[in-house]
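Only one structure is covered here, and it is reproduced in the block below.
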């Protein structure tokens, strides 16, 4: 799903506010989501819009807490530092998380930020336009609004399907729907990419994905929180059951115990199920919450 997860490479100078390094517990999401990386300027003076994908697919009927995402930015080829500004225009009724991107930029530097695209209820299928405008250039990115059933899911039957969680922490952005948004990375933790329950050290926690109809499934991949700062062995999910809803009844089809990895694949005998549920039983570390980044069903 490169359309939903495409990102610009960012490095060197970072203007992003993050949670305290020692505490992976629920914290407010970053107030600033702008990143800058250095480059080489030829002094032409151009300010060039850039995007992380040449086309974006935005599904209909998705939980508003999990809009479509695309990385946008601009590159300065000026001779001197400047305050760079780029306008963000979007065809209605779609709405964007920002109307402009602006920042101080040294010569040759590149500015990047995440743009969230919301599809209001009642939006018609079809192609809409996203335009990124600087003073001299415009970059257009088509946005295809399509039903979930028409998404290229790459074989992942859970992608963008409805999610129901037993609880959700309210101190930051940990929506349950983010476990089916196609983004396996833990880098967006506390900023809308990953679910954190609201009942620390109280088990079980559950989160289920409705598949839309009965589907033949035989595999579930689970991605738990896992970064260099917050490794799965310290804060990730340790014990859980994988359940499938067959004929209206939940059946345990796989079990995971003692996990310390960021990704776990569970294979089982094929069943015809219309929903999948993760029953979380324990996490690693003293501050036990359920932390899930992504669930894929195949």
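Data for the structure
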read-out	value
Of [x] 37, 23, 15; [y] 37, 31, 14; [z] 49, 22, 15, the label for semi-axes √(5λ) of the Cα gyration tensor in Å derived from the coordinates	[x]
Among 151-158, 94-101, the order from most to least packed when residues are scored by Cβ within 10 Å on average	151-158, 94-101
Mean separation of Cα contacts under 8 Å (6+ apart) over length of the stretch 163-297, as relative contact order %	33
CD proxy at 222 nm, helix term only [per DSSP H run n ≥ 4: -39500 (n - 2.57); per residue of the chain; nearest 500]	-500 deg cm²/dmol
Value of relative contact order over the chain, rounded to a whole percent, pairs C-alpha under 8 Å and six or more apart	17
Cα centroid of the stretch 202-262 to Cα centroid of the stretch 31-79, whole Å	33
Highest average packing first - 57-67, 115-125, 76-86, Cβ atoms within 10 Å	57-67, 76-86, 115-125
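Each value in this text was obtained by applying a stated rule to the coordinates, not by laboratory testing. In this text the structure is predicted, and so the values were computed from the model without any measurement. Positions of Cβ are generated from backbone atoms using ideal geometry, with glycine treated the same way; all protein chains shown enter the neighbour counts.
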